[in-house]
Structure formats: structure tokens, C-alpha cells
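For reference, the structure discussed in these notes is given below.
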């Protein structure tokens, strides 16, 4: 009878410890994501920009685990310098993946079109741990 109580008590303690570890693991911060922000004002050949850059950009980020959060849409300036008319925000699992995409041969090849046909700026920003 006493052995049954000890076994039940040990099982309860073990269950509580495993449960607490699972909750703590779920709440532990993960590595911060990285965001690439690109501001674009097409000042050159719009058709060339669409055909030679925009149509291919998504295919270049997918191998690096990237995806779009924002790709165009409405933009309104709130403070400071006004933003460019088109904003694109991509997210990657790490700062290193974002840099690897930005420096990849496939992206560098089409980035030349963006640089030629637009006034733009692009930067990587590290997010908060999740």
C-alpha cells in the first residue's frame, strides 16, 4: 500500500517536472529573424523592371528560406523623409541567411536591374528573439 503511494507520488513529481520543462522550452526565446527592407521608386523602364527583376525576385529568396511579408501595397509617411512608393519586406530565419540571399549570384544578377531602373535602398535589420 505504501509502495503504491510512493509510486504515485514519484509519477506525479516526474509528470510535473516534464510538464514544467516543456513549458519552459516553449517560452525560451528563439534566434531572432532577419528582415530585408527594400524601398523602391521606379524611375526608369517600368516594363524592364517588372520583367527582369520583379518577376524573378521571389524565386531567389525561396532557397534561403525567405518569404515576403510586404510586397507593395499602400504606403504613407508618418515622420521624417517620405518613404519610396513601393516597400518590400522579406523575412529570413537568421541574419546570415538574409545576407547569403542578398549576396547570392542569382539575386546579384537581377539586383543590377533594380539598381539601374529605380532609385532604391535596401537594408537588413535583425528582429527580436521570438
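Brief remarks on what is shown
- Qualifying residues in segment 55-78 (those that are touching a strand residue (DSSP E or B) at 6+ places or on another chain (Cβ under 9 Å) and assigned to a loop (DSSP other than H, G, I, E, B)) - the one surrounded by the most Cβ atoms within 10 Å (Cβ to Cβ): 66
- The residue of segment 79-97 that is surrounded by the fewest Cβ atoms within 10 Å (Cβ to Cβ), among those that are assigned to a loop (DSSP other than H, G, I, E, B) and in contact (Cβ under 8 Å) with a residue 40 or more places away in the chain, is 85.
- Residue in segment 45-54 that is surrounded by 15 or more Cβ atoms within 10 Å (Cβ to Cβ), without any contact (Cβ under 8 Å) to a residue 40 or more places away in the chain and assigned to a helix (DSSP H, G or I) present: yes
- Members of segment 98-130 that are loosely packed, with under 13 Cβ neighbours inside 10 Å and part of a loop (DSSP other than H, G, I, E, B): 103, 128, 129, 130
Just so you know, all these numbers are worked out from the coordinates, no wet-lab data involved. Since we're looking at a predicted model, the values are computed, not measured. FYI the Cβ positions are ideal-geometry reconstructions off the backbone, even for glycines, and counts take in every protein chain you see.
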